[in-house]
Amino acid sequence: MSRCLIVAEDSGPVQAMRAHLEAHLDRPVLLGELGRLVRLSPFTAQRIFKQTMGVTPLQYQRALRAARLRAALRQGDSVTNAVYNAGFSSSSRAYEGAQLGMTPARFAQGGRGEQIAFTTAQSDFGWLVVGATARGLCWIALAASSEEAEATLRDEFPAAVLNRDASLSASVDAVLAEIAGQAVSEKTLAPPQVETMAAPQELDLRGTAFQLRVWQALRAIPRGQTRSYSQLAAEMGAPNATRAVARACAMNRVALLVPCHRVVGADGSLTGYRWGIERKQKLLAAEEAKR
């Protein structure tokens, strides 16, 4: 009996489909194939998979390839080997499908050659660092000092070219204005305009398809309100994906503008926060005061 069929008997059709997708990253897995595996129609197979996982089987497989590629590149594999071992047919396909935010070669080199403008500033919530690529804001973090804030950016992009840019102070003001309940324009959040930069976008978010959905859902939570992880999953149409939602919140790279601080435990407790529970409490209090 195959491993996938054992999983199907023990853990249900979604686990069986997940195992099958994970075992066949080298090729597209069609819905008909998944349906036959779990003895359901292709439509039903996709529906129950998306209800549980929050993404379609195709999106899940792409996310797995992207994760495998990122892990291989970080471990020092050559770009060619990493791209093909992850199941991509070419480097260009990997760039499009892995959502690295840069080419695989640059990602493998810790962002080598990537131009990131940044600035740090003090706020009521600690020191804030804002980093921007040609595509938009890619990093917003909080820390106890300017040096620690800058270090978070350097840790994320160890080989990128980082340039302190005072013009990003406007973006800092916009980030803080968001917490204060003031209007934030896309123009204010745009990255610095230099000759090599592409058309500005508000944010340069980097993640899997499911993570991007979670981060978008976080941005839809009104200021001054909170959601539990299970509530957020339900609002996304993925009520069984609470744990995946929590993991996506923990991977948020753009603090405040993607307000993961607005997600709390089912009992209302603050639970964890990447930038510290005390900061989370202060942020929520500040938003509540400005409602």
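Since only Ser145, Ser123, Leu162 are under comparison, the one whose Cα sits farthest along the positive direction of the charge dipole of the stretch 115-189, derived from C-beta charges on Lys, Arg, Asp and Glu, is Leu162.
Per Stokes-Einstein, at 37 °C and 0.692 mPa s, what whole-number D in µm² s⁻¹ belongs to the stretch 245-291, with the Kirkwood radius over Cα pairs as the hydrodynamic radius? Write down the numbers at each step before the final one.
Details: Rh = 11.0 Å.
The estimated diffusion coefficient comes to 298 µm²/s.
Reported value for the stretch 115-189: 76 Å³ per residue, from the convex hull of its C-alpha atoms. Take 135-141, 162-168 and order them by the average number of nearby Cβ atoms within 10 Å per residue, most first; the result is 135-141, 162-168.
Could you give the C-alpha radius of gyration of the stretch 209-289 expressed as a fraction of 2.2 N^0.38 Å, taking N as the number of residues it contains? Before the final figure, lay out the partial values.
Working: Rg = 11.4 Å, N = 81, 2.2 N^0.38 = 11.7 Å.
Scaled against compact globular proteins, the figure is 0.98.
Values in this text are rule-based calculations from the coordinates and carry no lab data. Just so we're clear, the structure is a prediction, and the values are computed from it rather than from any experiment. Cβ atoms come from the backbone with ideal geometry, glycine included; neighbour counts cover every protein chain shown.
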